[in-house]
Amino acid sequence: MRPEELVAIASSRGTDLSFAYGNSNKTDGIARLRKRTKAELDLRIPVRESARGTETRSYRRPAFSVAELGLAAGGCTDRDRAVSHEYDARIPWQRPPNGVPRLPWLAVRHSWGRDISNYAELHRGLATFGIKIATREHWPLTVVGDRGERFFYLEKLAGLVLDADRETLFFTSEPRLYAWVMGMSEELYPMVMARKYAMLREVYDRWIGTAAAMIRQWMMDEDFSDRRNAAAGG
């Protein structure tokens, strides 16, 4: 979902998100995560890092730039490819490029590199895992919307996970946006959807962690190899 669409959804509910970027973080003297608001507590929404400007007190540099991610991903070995339990060679769109399993690679590019060029594939993969969770947890096929209608929600939930990660400032500034994007009432969302969102978000975060661990390990190995070669040459 594009930022302007999120703004339009909030505007239809009487909320102006144009001021979101000025109110997303509350820090006291040092950069730290702010306290959760009452709405966030009611909706069971965790606080995540939201400031991305280098001039803000709560800014934290991304772990890798897009260029660093691309260079680092090329160093993972065939053994590394097999360690991720998310990877299944029988599924074509999960074949790993350059060592990092496909979905973790797309997730880390989306989250850290703000890359939406493969959004559809990432969304499809996340929705597929949502179906697996729904089957295991016996989730209902549909839920009730804010107008009383029932609708299929898994694809929309996968989109919400990606939107909330990419547009953190909007969702941090207006926690009710989670319910609004899902087309649910603010009272029903915590009871029906909050846990489902948390479980699917955990899958997405695990993909990012998988890619990060593989990249970090390879970079550490390369650094050690460079230092060992330099010492041998000296």
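The values are calculated or read from the model by the stated rules, or taken from the named source; none is laboratory data. Keep in mind that what you see is a predicted model, and the values were worked out from it rather than measured. Counting neighbours? That spans all protein chains shown, and the Cβs are built from the backbone with ideal geometry, glycine included.
A few remarks follow.
- Evaluation of residue 98 against the conditions (1) at pLDDT below 85; (2) part of a helix (DSSP H, G or I); (3) of a type in the set (S, T, N, Q) shows that the sole unmet condition is (2).
- Of the numbered criteria (1) basic (Lys, Arg); (2) in a loop (DSSP other than H, G, I, E, B); (3) modelled with pLDDT of 95 or more, the one residue 147 fails is (3).
- Failed item in (1) at pLDDT 95 or above; (2) surrounded by 15 or more Cβ atoms within 10 Å (Cβ to Cβ); (3) under 29 Å from residue 3 (Cα atoms); (4) of a type outside the set (Lys, Arg), with residue 169 passing the rest: (1)
- Within the stretch 131-155, considering residues that are hydroxyl-bearing (Ser, Thr, Tyr) and free of Cβ contacts under 8 Å to residues at least 12 places away in the same chain, the one surrounded by the fewest Cβ atoms within 10 Å (Cβ to Cβ): 135
- Residues that are in a helix (DSSP H, G or I) and of a type in the set (A, V, I, L, M, F, W, C), drawn from the stretch 150-164: 154, 157, 158, 160, 161, 162, 164
- Test: residue in the stretch 101-113 that is more than 13 Å from the chain's Cα centre (by Cα), over 15 Å from residue 153 (Cα atoms) and crowded, with 17+ Cβ neighbours inside 10 Å: yes
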